[in-house]
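Worksheet for the structure shown next.
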Amino acid sequence: MRGWNSFFQKLDSLGFLGLRIWHFSYCSFRQDYGRFLKRKLFLHHPLTTLSGIAGYCRQDQGWSTVRLITRNSSRDIIPDFAAEPHKSLVAVGYCQKPLPLNDSGCPAGRFSHHCAWLESNVNLGASPQNPACRRCQLRIIGGQTLAAGIPFYIMTSALDVARDILLPNLEQVRFRHALFFLCPYAGEALIAPMLACGKEGLFLPYSANACREFTQFIAADAGDKPQITRVSRETWQWWLNFGDKSPISKPPQCVRMRGNILFSG
């Protein structure tokens, strides 16, 4: 086992065949989400899978304030979020929720798709009474997203991400554009299946407490993440500027959960 780990890590370091997800893929095929993707994507849609891998190989390498993932690297997809908010999606990690301090922590539970504040249908611009909600950055992101008419998704496990927002796109195009707050380690592995499932996206990387190797990732995938992840100051400012460009006219009248995704309407 150790020998194979070293072998695939070496392939990553070499960028063999233009890929840097060899070790992640090798480890993932022993996990539930890996078997799910193998069965539902790789075996059922082999040509689509190959197109996603080819799209991955065409992407610029490296991470900065924000990373653009498209089929055509010269295309700017930012205007698409404003033009088609209902076909767009903003996804954040549950690990951005606050940890318990002197209070009970997130009232919806940390490892959860839910946000009690957003689902309470109050004025999303108001200041919440719950101290955990007050210090939650996810609440701010979700409020701005839903006010722009864009669906909002809180990522928990990789299996749920595949079931909720990746594979459904193969049957019917639900979301063409997606913006993800995520760790670069997991984001690198998301590119190929995301493109294969018909999505283009923007990746906003965590700079604090991000998972950096597979054992950290798989622990967080099961809800074991005793740190709060955060993006850099520059990335956060980029998000605020992005939000200013969204067609926000007024707070949503109601927020509803359909499946595991929050919609405004």
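The values are calculated or read from the model by the stated rules, or taken from the named source; none is laboratory data. Here the structure is a predicted model, which is why all the values come from computation and not from measurement. Ideal geometry is used to build each Cβ from the backbone, glycine not excepted, and the neighbour counts take in all protein chains shown.
Just one of the listed residues (CYS115, CYS106) is out of contact with any strand residue (DSSP E or B) (no Cβ under 8 Å at 6 or more places or on another chain) and at pLDDT 90 or above, and it is CYS106. Within the stretch 85-107, the residues that satisfy the criterion of being surrounded by 19 or more Cβ atoms within 10 Å (Cβ to Cβ) and more than 22 Å from ASN169 (Cα to Cα) are TYR94, CYS95, GLN96, LYS97, PRO98, CYS106. Does the stretch 152-166 include one or more residues that are farther than 23 Å from CYS211 by Cα and in contact (Cβ under 8 Å) with a residue 24 or more places away in the chain? Within the stretch 152-166, not a single residue is farther than 23 Å from CYS211 by Cα and in contact (Cβ under 8 Å) with a residue 24 or more places away in the chain. Within the bounds of the stretch 211-225, is there any residue that is in contact (Cβ under 8 Å) with a residue 60 or more places away in the chain, in contact with a Pro (Cβ under 9 Å, 6 or more places away or on another chain) and more than 16 Å from LYS87 (Cβ to Cβ)? The answer is no; no qualifying residue exists. Residues of the stretch 194-235 being touching a strand residue (DSSP E or B) at 6+ places or on another chain (Cβ under 9 Å), surrounded by 15 or more Cβ atoms within 10 Å (Cβ to Cβ) and among the charged types (D, E, K, R), which ones? Scanning the stretch 194-235 gives LYS199, GLU200, LYS225, ARG230.
Residue-wise test of (1) among the aromatic types (Phe, Trp, Tyr); (2) under 11 Å from the mean Cα position of the chain (by Cα); (3) closer than 21 Å to MET257 by Cβ.
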{"residue": "LEU146", "(1), (2), (3)": "no, no, yes"}
{"residue": "PHE152", "(1), (2), (3)": "yes, yes, yes"}
{"residue": "ALA158", "(1), (2), (3)": "no, yes, yes"}
{"residue": "ARG163", "(1), (2), (3)": "no, no, yes"}
{"residue": "LEU167", "(1), (2), (3)": "no, no, yes"}
{"residue": "GLU188", "(1), (2), (3)": "no, no, no"}
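Here is the figure for the stretch 135-178: residues that are at pLDDT below 95, out of contact with any Cys (no Cβ under 7 Å at 6 or more places or on another chain) and of a type in the set (D, E, K, R) total 4.
Residues in the stretch 169-186 that are among the hydrophobic types (A, V, I, L, M, F, W, C) and assigned to a helix (DSSP H, G or I) were compared, and the one that is farthest from the chain's Cα centre (by Cα) is LEU170. In summary, CYS133 fulfils each of the numbered conditions (1) of a type outside the set (Val, Ile, Thr); (2) farther than 13 Å from ARG110 by Cβ; (3) buried (at least 21 other Cβ atoms within 10 Å of the Cβ); (4) out of contact with any strand residue (DSSP E or B) (no Cβ under 8 Å at 6 or more places or on another chain) with the single exception of condition (2). Does the stretch 132-156 hold any residues that are part of a loop (DSSP other than H, G, I, E, B) and over 11 Å from GLY93 (Cβ atoms), and which are they? Of everything in the stretch 132-156, those that are part of a loop (DSSP other than H, G, I, E, B) and over 11 Å from GLY93 (Cβ atoms) turn out to be ARG135, CYS136, ALA148, GLY149, ILE150, PRO151. The single residue among PHE7, PHE36 that is touching a residue at least 12 places away in the same chain (Cβ under 8 Å) and surrounded by 12 or more Cβ atoms within 10 Å (Cβ to Cβ) turns out to be PHE36. Residues in the stretch 236-249 that are surrounded by fewer than 13 Cβ atoms within 10 Å (Cβ to Cβ) and not in a helix (DSSP H, G or I) were compared, and the one that is modelled with the lowest pLDDT is SER249.
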